[in-house]
């Protein structure tokens, strides 16, 4: 093991021999236990509750460092985008949960890794910098535990033997769901998992700009996060995020295959996200939001996802999205920019 660690290289993946079987098990568990076929519409198994999808502009900075001018960051330009904000579970916003931000750029030139959307580039994030699943063995164990109990404490403490306890993972999971999110538009989000940037590996983050206080509700309700977004985007100048990347500089201390580990290199701004004032909570818009599909594999090869968790997402997200759309009698459709 020591020699394997010493031989790790920057930007390189290290798949295990049992990944294919683990991924099929993960898909099977999702289809059998987490895809609720009795609801209409049939919801996603991951981040099923959306607060809304907003139109946005994703502007590539003019001063991106030369070493990072790859793919969509190769030159200054503005991409139209749809951004979906969500809860990890279909539940009251007042309950502990992870919150998500998924960005879909449009009019992105170049052949993509998946062929179901040819003009898009997706970035998927949550409101904590670490992921609480280390590898695909743990992924299978977690979802197996979740099948048996909505609070899967047996995953974190599987036996009386302390050597089997996953205390770091428990700490990350607890830290993730206990964040005090008062407004999705005033919250920072992280990719948690790594991605290519040409021949480098990066993580990315969207960080709100400024200290705006609009849309901070003092009375919290079942859907207060959506309401806070509505208030923030009414009669304002809009909301802004900086889009940042973090480059892997040490393959041992900043591993590709373990998203429970912190990376400690600096964050570099490469783009700005502007969400203009708008109304997004109409029935038509909420239906549009429900029908969108996000996956980190809607991507240029230059930004391909890395690591075991992302490799599992490729098959799992794609298959579940197709099945969900089939059950809802709505074929997947690549979105267009919002009409001005």
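Which of 265, 98 has the fewest other C-beta atoms within 10 Å, and how do the rest follow up to the most?
Numbers: 265 15, 98 20.
Least to most surrounded, the residues fall as 265, 98.
Report, in deg cm²/dmol and to the nearest 500, the calculated mean residue ellipticity at 222 nm for the chain, where each DSSP H run with n ≥ 4 adds -39500 (n - 2.57) and the sum is divided by the residue count. Walk me through the numbers before you get to the answer.
Values: 8 runs with 82 residues, N = 340.
Taking each H run of at least 4 residues, the total per residue is -7000 deg cm²/dmol.
Once you have the Cα-Cα distance between residue 9 and residue 249, take 0.36 nm times their residue separation minus that, and quote the gain in nm to one decimal.
Details: separation 240, 0.36 × 240 = 86.40 nm, distance 1.00 nm.
Answer, rounded to one decimal: 85.4 nm.
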Problem set entry | Residues 338, 95, 269, sorted so that the one with the fewest Cβ neighbours within 10 Å comes first | 95, 269, 338
Exercise. Any idea what the relative contact order of region 197-340 is, in percent, if you count C-alpha pairs under 8 Å spaced at least 6 apart?
Worked result: 23
Seminar exercise, completed: If R0 = 45 Å, then residue 217 and residue 333, at their Cβ-Cβ distance, give a FRET efficiency to the nearest 0.05 of 0.85
For this session: Return the label of the correct value of Rg and Dmax of the Cα atoms in Å, as calculated from the structure shown, out of (1) 20.2, 66; (2) 19.6, 61; (3) 20.8, 59.
Result: (2)
Exercise. How high is the FRET efficiency between residue 170 and residue 66 when r is their beta carbon distance and R₀ equals 30 Å, given to the nearest 0.05?
Worked result: 0.10
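Read the figures in this text as sums done on the coordinates, not as results from a lab. This one's a predicted model, so the numbers in the text were calculated from it and none came from an experiment. Note: ideal-geometry Cβ built from the backbone for every residue, glycine included; neighbour counts use all protein chains shown.
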